[in-house]
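The values are calculated or read from the model by the stated rules, or taken from the named source; none is laboratory data. Keep in mind that this is a model prediction, so the values were computed, not measured. Heads up, the Cβs are rebuilt from the backbone with ideal geometry, glycines too, and the neighbour counts pull from every protein chain shown. With ligands, DNA and RNA removed, areas are computed over all heavy atoms of the protein, side chains included. Shrake-Rupley method; radii C 1.70, N 1.55, O 1.52, S 1.80 Å.
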Amino acid sequence: GERAIPHSLGNGMTVRLVADSLELARGGRTLFRALSFAAAPGAFLEVRGANGSGKTSLLRLIAGYLKPRAGGVRFDGADEPALAVHFVGHLNGLKGAASAAAHVSYWKDLFGGDPAPNALELVGLARQALLPVRVLSQGQARRLALARLMVARRPVWLLDEPAAGLDSEGRDTLKSLLQSHCRAGGIVLAALHEPLGLAPTHTINLGSLGARA
């Protein structure tokens, strides 16, 4: 069942995310144009669309990995936009020989900030802390990837199919993480094929060419 997960953004930082008239092309094809939306602290936005519609590309654009053909993104209230965002893609990006605890230690050094001392416990992996990632199940590996969100507190979470590979308990844990983050004033944008069981503040629908927000 659901459980409350203590959460804070650290340093009291909250931001407002604003996307203005975004247009993005990949491989010579326009994925979306004239896409505008805003997300206030506490917002949960679902990004919907068929495969190839640009859901992942939109998240990567907001994260700063892709540049739009037109328009822009800003993070009102953030001195350093790059430090306002966590991006967790659909690939877990883990090293099979390293332990779960070693991953958390690496992320702590990489991201800095104010890490949660019990990040693995929060995602239900305390008993697997010393196991190499290669022996974890698909769902456990996904939980470990999501533990990055708890290692450094950043106000905007960009999640690409975050529930992929999770069982019902894992989905409940994810749901609690997202609820706690939003209650603390964080923002979540999640590209989804299926609902997570949370009512979105807003839904962004990406079509074959344009988008509705």
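Considering only W157, L189, L61, whose Cα is most displaced toward the positive end of the charge dipole of the chain, charges sitting on Cβ of Lys, Arg (+1) and Asp, Glu (-1)? Going by the Cα projections, it comes out as L61. Using only side-chain charges placed at the Cβ, +1 for Lys and Arg and -1 for Asp and Glu, the dipole size of the stretch 34-138 relative to its Cα centre rounds to 520 debye.
The mean sequence separation of alpha-carbon pairs under 8 Å and at least six residues apart, normalised by the residue count of the chain, gives a relative contact order of 34 percent. A 1.4 Å probe over all protein chains sorts K175, K55 by accessible area into K175, K55, starting with the largest. Under the rule a/c < 1.5 gives rounded, and otherwise a/b versus b/c splits prolate from oblate, where does the chain land using the Cα gyration tensor? Prolate shape, in that a/c is at least 1.5 and a/b is the bigger ratio.
A straight Cα-to-Cα reach below 27 Å connects K95 with the lysines K55, K108, K175, residues fewer than 8 places away in its own chain not being considered. Computed from Cα positions, the angle between helix 168-183 and the longest principal axis of the chain comes to roughly 60 degrees. In plain terms, the chain from H193 to K67 could stretch by 42.9 nm, reckoned as 0.36 nm per residue minus the Cα-Cα distance. Nearest 10 degrees is fine. How inclined is helix 100-111 to the longest principal axis of the chain, computing both from alpha carbons? Result, in degrees: 50. Under 5 Å from the amide H of V47 lie the amide H atoms of A190, A191, L192, I204, each residue being 5 or more positions distant or on a separate chain, with H modelled from the backbone and absent for Pro and chain starts.
Expressed as a whole percent, the accessible area of the chain that falls on carbon and sulfur atoms is 49 (1.4 Å probe). Between F37, L130, G71, the Cα set farthest toward the positive side of the dipole of the chain (charges on each charged residue's Cβ, about the Cα centre) is that of G71.
Axis of helix 138-151 versus longest Cα principal axis of the chain: the two differ by about 80°, to the nearest ten degrees.
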